[in-house]
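A.B. asks: Before I ask anything, let me first share the structure, which is written out below as structure tokens.
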Amino acid sequence: MLLNNKARAISFSGIVLAFNLIVFTLLNIIPINTVAFMVLASLFPSVIIIEYGNKYGFIYSLASIILGFFIISNKIHFLTYLFIFAFYGLVKSLIEKNIKNTFMDIFLKQIYATILAIALFFVSRLLIVFELKFIYILAFEIAFFVYDYFYSIFIKTYIKKLRKYLKLRS
């Protein structure tokens with residue numbers, strides 16, 4: 001990548017990170033729909049990945065985690081973003097580029113989400129006490145499947161309709 005392209009990737013990532021800052025701020029201000037705000041924040045890395053690749057997507061995700069740590073006041077919300085949403089765009093990209101079998105693709109993404117949800121549960125138990133019921137696990141699996149489906153729709157919409165307005169290519 002030429003220096004001009006690197007500078008462009010970094011500056012564009014910074015602009016997108018500013019949108020992430022707005023979403024994190026709204027997460028603090030508006031006490032309802034916190035998961036919706038985290039879902040919205042999780043879409044931004046996919047734009048970076050589409051435009052500049054997985055390397056810049058990874059760097060962007062790390063930057064959003066650092067930003068989230070300082071901006072998100074409720075640390076349970078931060079942990080949820082960290083474990084479930086922060087790197088999902090990158091994981092989705094890697095799985096979908098390397099696995100051509102649709103069933104295996106979905107299965108691997110669900111396994112990824114389940115492992116991280118279990119990790120989130122154990123880390124959260126250090127901060128608050130709650131009981132994990134089977135119905136919560138089932139609801140999470142269904143919700144994550146729907147989330148992945150709409151994430152794919154966002155990516156297709158971005159590529160087909162929104163990308164042309166950014167004029168990132170010279």
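Laboratory data are not the source of any read-out in this text; all were calculated from the coordinates shown. Source: prediction; values computed, not measured. As a convention, Cβ positions derive from the backbone with ideal geometry for all residues, glycine included, and neighbour counts pool all protein chains shown.
A.B. asks: Name the residue, out of 92, 55, 75, 6, that is farther than 27 Å from residue 167 by Cβ and of a type in the set (D, E, K, R). First the steps, then the outcome.
C.D. replies: Numbers: 92 fails: farther than 27 Å from residue 167 by Cβ; 55 fails: farther than 27 Å from residue 167 by Cβ; 6 fails: farther than 27 Å from residue 167 by Cβ.
Going through 92, 55, 75, 6 in turn, just one is farther than 27 Å from residue 167 by Cβ and of a type in the set (D, E, K, R): 75.
A.B. asks: So, in the range 128-169, how many residues would count as being touching a residue at least 12 places away in the same chain (Cβ under 8 Å) and not in a helix (DSSP H, G or I)?
C.D. replies: Number satisfying all stated conditions: 2.
A.B. asks: Mind counting the residues in the range 57-88 that are aliphatic (A, V, I, L, M), over 16 Å from residue 21 (Cα atoms) and under 12 Å from the mean Cα position of the chain (by Cα)?
C.D. replies: Total meeting the criteria: 1.
A.B. asks: Could you check, for the range 151-158, whether at least one of its residues is within 14 Å of residue 43 (Cβ to Cβ), touching a Pro at 6+ places or on another chain (Cβ under 8 Å) and not small (Gly, Ala, Ser)?
C.D. replies: no
A.B. asks: May I pose another question? For the range 41-127, which fully contained helices (runs of 4 or more DSSP H) count at least 2 residues that are in contact (Cβ under 8 Å) with a residue 24 or more places away in the chain and surrounded by fewer than 17 Cβ atoms within 10 Å (Cβ to Cβ)? It would help to see each step written out before you state the result.
C.D. replies: Values: elements: 54-71, 75-80, 88-98, 102-124.
In the range 41-127, the matching helices (runs of 4 or more DSSP H) lie at 54-71, 75-80, 102-124.
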